[in-house]
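This report refers to the structure that appears directly beneath it.
The values are calculated or read from the model by the stated rules, or taken from the named source; none is laboratory data. Quick caveat, the model's predicted, so the values are computed rather than measured. Note that each Cβ is placed from the backbone with ideal geometry, even for glycine, and that neighbours are counted across all protein chains shown.
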Amino acid sequence: MAKRHIPLILFAAGLTTCLALDLTGGLDPYVAQIVIYIGINIILTVSLNLVNGYMGEFSVGHAGFMAVGAYAAAYASVNLLPHSAWFFPLALATGGICAGLLGLLVAIPAFRARDDYLAIITLALLMIVKSAFDNLPWFGGPQGFYGIEKYTNLSWVFVWTVLSVAAIRNIVYSRFGRAIIAIRDDEIAATLVSVDTRHTKILAFVTSSFFAGIAGGLFAHVIQFINPRTFSLVKSTDILLMLYLGGGGSLAGSIVGATIWTLAIEFLRFLGIWRFVVAPVALIVLMIYRPRGIMGGRELPWLVPRDYRKE
């Protein structure tokens with residue numbers, strides 16, 4: 001068996017397992033929900049890693065793109081598309097495209113400047129998006145958007161998690177990805193070797209926004225109700241925590257960070273509101289003793305193309 005076929009076989013096996021669990025209900029609903037949240041958080045963390053980890057910029061408004069994707073996907077599935085799970089991919093695509101277009105609108109002016117301006121602009125964007133949905137009656141205003149069908153299941157989350165990780169991995173290890181990393185290492189030097197830094201930044205940011213929108217659409221169709229408060233600065237902070245817990249510039253780090261953070265918050269539920277104090281304190285301790293995160297920029301071998309592996 002050719003080694004190049006192994007990823008396809010593993011994907012088929014994983015998808016078959018998820019389909020079987022969805023059809024038979026073989027997994028406890030509570031456990032299934034946690035697994036779904038882990039998958040959604042992996043998509044969010046991996047997509048943000050493209051900008052914050054590999055490109056070296058600092059975006060703090062990822063929850064804003066998630067919100068746009070969630071509302072756009074929910075509105076499309078409730079009001080624009082037939083009420084059938086067969087049309088769920090179109091709703092998700094709508095959410096991803098809307099988030100990507102918003103990312104384009106933000107990236108064009110944001111990347112005219114350098115330094116920390118992206119953080120300021122994305123923070124402002126998050127506040128604008130939240131305020132907009134608070135005041136738009138078509139989306140339920142501050143009371144939120146109701147009537148969303150529960151189309152998100154293990155199978156859809158598995159497919160989109162694999163697609164997002166595979167897409168970001170292929171970008172990172174492409175010529176375009178080398179340009180992204182060159183910008184992180186030394187933007188002036190990257191410019192001198194003919195890297196179109198602004199164009200590269202815009203494309204990377206739009207890609208990141210698109211996958212955040214997909215995650216938002218999946219999230220909306222699992223909790224079946226969304227309101228602007230769901231996508232506050234706290235949500236963006238959670239995504240940043242997952243990224244830096246696992247380690248920036250590492251796909252494996254994003255997967256590990258998202259998984260650990262989701263499980264930690266759930267296991268600490270008995271502490272009530274104090275779980276949101278204990279978990280960040282533990283993260284601070286980790287950052288003191290291991291500032292590069294758990295993976296520290298390292299990658300798992302199966303996430304690295306053969307041509308890039310060190311023999």
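When G246 is tested against (1) under 15 Å from the mean Cα position of the chain (by Cα); (2) under 30 Å from W138 (Cβ atoms), exactly one condition is not met: (2). One residue is enough: does the range 250-261 have a residue meeting the conditions at pLDDT 90 or above, closer than 30 Å to F139 by Cα and among the hydroxyl-bearing types (S, T, Y)? No, the range 250-261 contains no residue that is at pLDDT 90 or above, closer than 30 Å to F139 by Cα and among the hydroxyl-bearing types (S, T, Y).
Filtered by the rule that a residue be surrounded by 12 or more Cβ atoms within 10 Å (Cβ to Cβ) and farther than 24 Å from A258 by Cβ, the range 1-41 gives a lone residue, A20. Residues in the range 175-209 that are at pLDDT below 95 and of a type in the set (S, T, Y): T191, S194, T197. Residues considered: A132, A91, A76. Of these, the only one that is in contact (Cβ under 8 Å) with a residue 60 or more places away in the chain and of a type outside the set (K, R) is A91. For the range 189-203, the criterion of being of a type in the set (S, T, N, Q), closer than 30 Å to W86 by Cβ and crowded, with 18+ Cβ neighbours inside 10 Å is met by no residue. L263 passes every criterion in (1) closer than 24 Å to Y30 by Cα; (2) in contact (Cβ under 8 Å) with a residue 24 or more places away in the chain; (3) surrounded by 16 or more Cβ atoms within 10 Å (Cβ to Cβ) apart from (3).
Within the range 226-240, the presence of at least one residue that is over 15 Å from the mean Cα position of the chain (by Cα), over 23 Å from E57 (Cβ atoms) and among the polar types (S, T, N, Q) is confirmed.
All of (1) farther than 20 Å from N52 by Cβ; (2) modelled with pLDDT of 95 or more; (3) out of contact with any Lys or Arg (no Cβ under 9 Å at 6 or more places or on another chain) hold for H221 with one exception: (3). K150 passes every criterion in (1) outside any helix (DSSP H, G or I); (2) more than 30 Å from G26 (Cβ to Cβ) apart from (2).
Within the range 155-196, being more than 16 Å from G96 (Cβ to Cβ), in a helix (DSSP H, G or I) and in contact (Cβ under 8 Å) with a residue 24 or more places away in the chain holds for S155, F158, R169, V172, F176, G177, I180, I181, I183, R184, D185, E187.
Go through A70, A91 for me and flag whichever is more than 15 Å from the chain's Cα centre (by Cα) and either closer than 20 Å to W138 by Cβ or part of a loop (DSSP other than H, G, I, E, B) (or both). Step by step, each of A70, A91 is checked, and only A91 is more than 15 Å from the chain's Cα centre (by Cα) and either closer than 20 Å to W138 by Cβ or part of a loop (DSSP other than H, G, I, E, B) (or both). For N41, the conditions (1) touching an Asp or Glu at 6+ places or on another chain (Cβ under 9 Å); (2) within 15 Å of I226 (Cα to Cα) all hold with the exception of (2). The residues on offer are V35, V129, and the sole one that is under 21 Å from I255 (Cβ atoms), hydrophobic (A, V, I, L, M, F, W, C) and in a helix (DSSP H, G or I) is V35.
Scanning the range 285-307 for residues that are surrounded by fewer than 14 Cβ atoms within 10 Å (Cβ to Cβ) and touching a Phe, Trp or Tyr at 6+ places or on another chain (Cβ under 6 Å) yields one hit, P305. Each residue in the range 121-140 was checked for being polar (S, T, N, Q) and more than 21 Å from V78 (Cα to Cα), and 2 pass.
Determine whether G216 is surrounded by 21 or more Cβ atoms within 10 Å (Cβ to Cβ) and either in contact with a strand residue (DSSP E or B) (Cβ under 6 Å, 6 or more places away or on another chain) or not in a helix (DSSP H, G or I) (or both). Criteria not met by G216.
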